[in-house]
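The values are calculated or read from the model by the stated rules, or taken from the named source; none is laboratory data. Here the structure is a predicted model, which means the values were calculated and not measured. Neighbour counts are summed over all protein chains in view; Cβ atoms, including those assigned to glycine, are modelled from backbone coordinates with ideal geometry. To get the accessible areas, we keep the full protein, side chains included, count just its heavy atoms, and leave off ligands, DNA and RNA. Shrake-Rupley method; radii C 1.70, N 1.55, O 1.52, S 1.80 Å.
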Amino acid sequence: MATELDAVIIGAGFSGMYQLLCLRDRLGLQARVLEQGGGVGGTWYWNRYPGARCDSESHSYNYTFSKELLAEWQWSERYPEQPEIMRYMNYVADKFDLKRDIQFDTKVTGAHYDARANRWEVETAAGERFIARFLITAVGCLSTANVPKIPGLESFKGEWYHTGQWPHDGVDFSGKRVGQIGTGSTGIQAVPVIAEQAAHLTVFQRTANYSVPAHNAPLTAEFQSWLKDNRDEVTAVMRSTPNGHPFRISERKVFDVSDAEREQIFEEAWGYGGLQFRGAFQDVLVNKSANDKAADFIKRKIRTIVQDPEKARILSDIDHPYAAKRPPIDTFYFEAFNRPNVDVVYLREEPLERVTPSGIKTAKREIPLDIIVFATGFDAMTGPLLALDIKGRDGVALKDVWAAGPRNYLGLQVAGFPNLFTITGPGSPSVLCNMPVCIEQHVEWITDCIGMMREKGLSRIETTEAEMDKWVAHVNEAAHATLLPQASHSWYLGANVPGKPRVFMPYAGGMVRYREICAEVVAQDYKGFVLAD
Ligand code: NA7
């Protein structure tokens with residue numbers, strides 16, 4: 001027996017929770033969220049690794065749809081730590097009574113579109129079936145762990161973990177020799193925390209990375225009071241900046257100022273810290289010579305902080321423009337390499353050959369280990385969607401339609417998959433934006449669209465091949481107007497997963513432009529979509 005609903009939503013993170021609230025409480029639909037985890041939180045439910053913290057500033061990392069919620073919730077630190085984000089998500093779920101319509105521990109294993117009945121059939125690992133007119137994926141962009149296929153891993157006698165599938169009761173590093181593979185945002189957060197607990201930490205670095213100090217600290221009473229008085233202005237800034245953060249990007253260009261002034265500006269930005277470093281100048285992400293100045297500043301900082309010249313050389317040997325890969329921010333990452341119990345192994349100079357029963361073997365030596373931490377990222381953006389085994393009209397699989405890379409319209413819809421909406425799908429600003437801002441826009445757009453369909457008695461919405469081609473071309477054009485595609489090994493390009501098509505996935509045109517495009521589509525009667533009774 002299948003359960004009949006108006007809408008199935010997959011995932012109970014920021015997107016799925018808000019989508020449920022909108023469909024159930026604003027449109028009065030029968031909607032249910034199917035969630036693989038045992039609680040709300042999405043990405044944050046799984047990412048419990050040491051040091052897990054959001055890089056968006058806490059006062060901008062929340063929903064803005066409810067003034068009451070905004071007034072009630074107070075973050076404790078400049079950047080929210082994973083447990084505090086979980087408390088927030090649970091607070092929201094309880095406040096809006098969402099959990100009664102979220103089915104936890106429910107893994108979706110397939111979804112197919114029945115064209116005759118114009119509805120979706122969704123199956124779960126437990127063999128349950130759901131039938132619904134609308135299917136909305138809220139599966140996040142960074143939720144499918146990428147564990148590299150390293151020969152010998154199965155022979156390892158110690159323990160190993162991926163940061164994105166971290167044990168809920170934690171890992172005890174005390175007295176242990178730990179090896180960490182990966183120096184992305186996650187690895188950079190984890191290193192200083194693991195270093196403090198472990199007997200020894202060896203960091204296996206394939207690509208050196210930039211990082212700017214986060215300068216995390218408790219939020220002062222003065223800040224909380226300022227926020228209370230200026231909340232509307234903060235929200236307005238978040239909605240009017242290209243990346244959805246609560247700060248504006250300077251209009252000044254790198255070569256508008258003298259060398260000494262530029263150094264001073266970078267120094268101040270470094271002192272302030274966080275993702276705002278990118279905003280010190282307007283042209284850092286579009287002009288390579290301008291970017292070189294920012295890159296050079298950070299590399300000099302690394303060499304100043306890290307005392308051992310060999311470690312400093314390895315850590316500052318960065319080969320891509322600053323912020324062309326997602327720029328990490330840190331709490332004493334480079335400083336951790338000054339500890340006597342922390343080493344770095346440069347995999348470009350001594351490639352990782354295999355895992356042995358007792359450690360990791362590189363081309364030059366074997367390093368004995370008790371625990372291996374894979375901070376090796378995710379099969380980003382397309383991975384979580386393709387894992388759902390979605391089949392559209394005539395049984396055509398999404399994985400086949402996307403064999404050469406994701407194709408869709410506005411990041412929201414794929415031709416041949418009517419009434420399927422993908423929140424923060426590839427082709428949307430998503431990961432290039434402060435996520436909650438992007439998510440609220442997507443969810444509200446989808447809700448308005450479904451609301452309009454019900455009002456007009458329409459039952460099907462679908463985009464076209466031609467519209468997808470145009471959108472993919474626009475996504476490409478937006479990416480190539482920046483330096484972003486120049487980081488050839490970035491997960492934005494799918495390059496971190498062997499065999500994945502190299503296509504720049506997120507929309508780099510900025511959230512403001514994207515919002516305008518989506519509004520224009522609506523103003524022109526859902527231009528690019530075919531609507532039917
Ligand atoms: P990232 O940013 O994809 O970083 C993964 C890291 O793991 C990166 O340093 C990779 O090196 C490294 N990696 C991946 N596979 C391997 C293999 N096979 N061998 C050695 N090293 C490897 O993931 P994160 O979890 O840090 O961050 C993801 C996002 O979460 C982040 O951008 C924020 O948006 C939040 P590479 O650079 O590919 O050479």
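Data for the structure
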{"quantity": "Only listed residue being within 21 Å of residue 248 (Cβ to Cβ), aromatic (Phe, Trp, Tyr) and assigned to a helix (DSSP H, G or I), chosen from 492, 507, 514", "calculated": "514"}
{"quantity": "Residues located in the range 471-501, provided they are closer than 17 Å to residue 320 by Cα and within 13 Å of the ligand (Cβ to nearest atom)", "calculated": "484, 487, 488, 489, 490, 491, 492, 493, 494, 495, 496"}
{"quantity": "Residue satisfying condition, being more than 17 Å from the chain's Cα centre (by Cα), under 30 Å from residue 418 (Cα atoms), away from the ligand (no atom under 16 Å from the Cβ) and surrounded by fewer than 23 Cβ atoms within 10 Å (Cβ to Cβ), within set 20, 69, 98", "calculated": "98"}
{"quantity": "Residue that is nearest to the chain's Cα centre (by Cα) [pool: residues in the range 366-406 that are in a helix (DSSP H, G or I) and of a type in the set (Lys, Arg)]", "calculated": "399"}
{"quantity": "Enumeration of residues in the range 460-484 that are in a helix (DSSP H, G or I) and in contact with a Lys or Arg (Cβ under 9 Å, 6 or more places away or on another chain)", "calculated": "465, 467, 468, 469, 471, 472, 478, 484"}
{"quantity": "Answer residue from the range 163-215, given it is within 10 Å of the ligand (Cβ to nearest atom), over 15 Å from residue 496 (Cα atoms) and out of contact with any helix residue (DSSP H, G or I) (no Cβ under 7 Å at 6 or more places or on another chain) and is most open to solvent (accessible area, probe 1.4 Å) among those", "calculated": "189"}
{"quantity": "Count - residues of the range 348-376 that are open to solvent by 20 Å² or more (accessible area, probe 1.4 Å), within 16 Å of the ligand (Cβ to nearest atom) and of a type outside the set (Val, Ile, Thr)", "calculated": "9"}
{"quantity": "Qualifying residue in the range 128-151 (condition: more than 25 Å from residue 447 (Cβ to Cβ) and more than 16 Å from the ligand (Cβ to nearest atom))", "calculated": "yes"}
{"quantity": "Filter result (more than 16 Å from residue 254 (Cβ to Cβ), touching a strand residue (DSSP E or B) at 6+ places or on another chain (Cβ under 8 Å) and in a helix (DSSP H, G or I)) within the range 271-280", "calculated": "275"}
{"quantity": "Options 51, 39, 28; residue that is more than 16 Å from the ligand (Cβ to nearest atom), in a loop (DSSP other than H, G, I, E, B) and open to solvent by less than 40 Å² (accessible area, probe 1.4 Å)", "calculated": "39"}
{"quantity": "The listed residue being within 16 Å of the ligand (Cβ to nearest atom) and on the phi < 0 side of the Ramachandran plot, out of 272, 322", "calculated": "322"}
{"quantity": "Residue count, the range 281-313 (criterion: open to solvent by 10 Å² or more (accessible area, probe 1.4 Å), in a helix (DSSP H, G or I) and aliphatic (A, V, I, L, M))", "calculated": "1"}
{"quantity": "Any hit, the range 322-335, residues being in a helix (DSSP H, G or I), closer than 30 Å to residue 199 by Cβ, charged (D, E, K, R) and touching a residue at least 40 places away in the same chain (Cβ under 8 Å)", "calculated": "yes"}
{"quantity": "Complete set of residues in the range 314-347 that are among the acidic types (Asp, Glu) and crowded, with 16+ Cβ neighbours inside 10 Å", "calculated": "330, 335, 343"}
{"quantity": "So residue 506, is it crowded, with 16+ Cβ neighbours inside 10 Å, within 16 Å of the ligand (Cβ to nearest atom) and on the phi < 0 side of the Ramachandran plot", "calculated": "yes"}
{"quantity": "Residue list for the range 377-421, restricted to those being open to solvent by 30 Å² or more (accessible area, probe 1.4 Å) and either of a type in the set (Phe, Trp, Tyr) or within 16 Å of the ligand (Cβ to nearest atom) (or both)", "calculated": "379"}
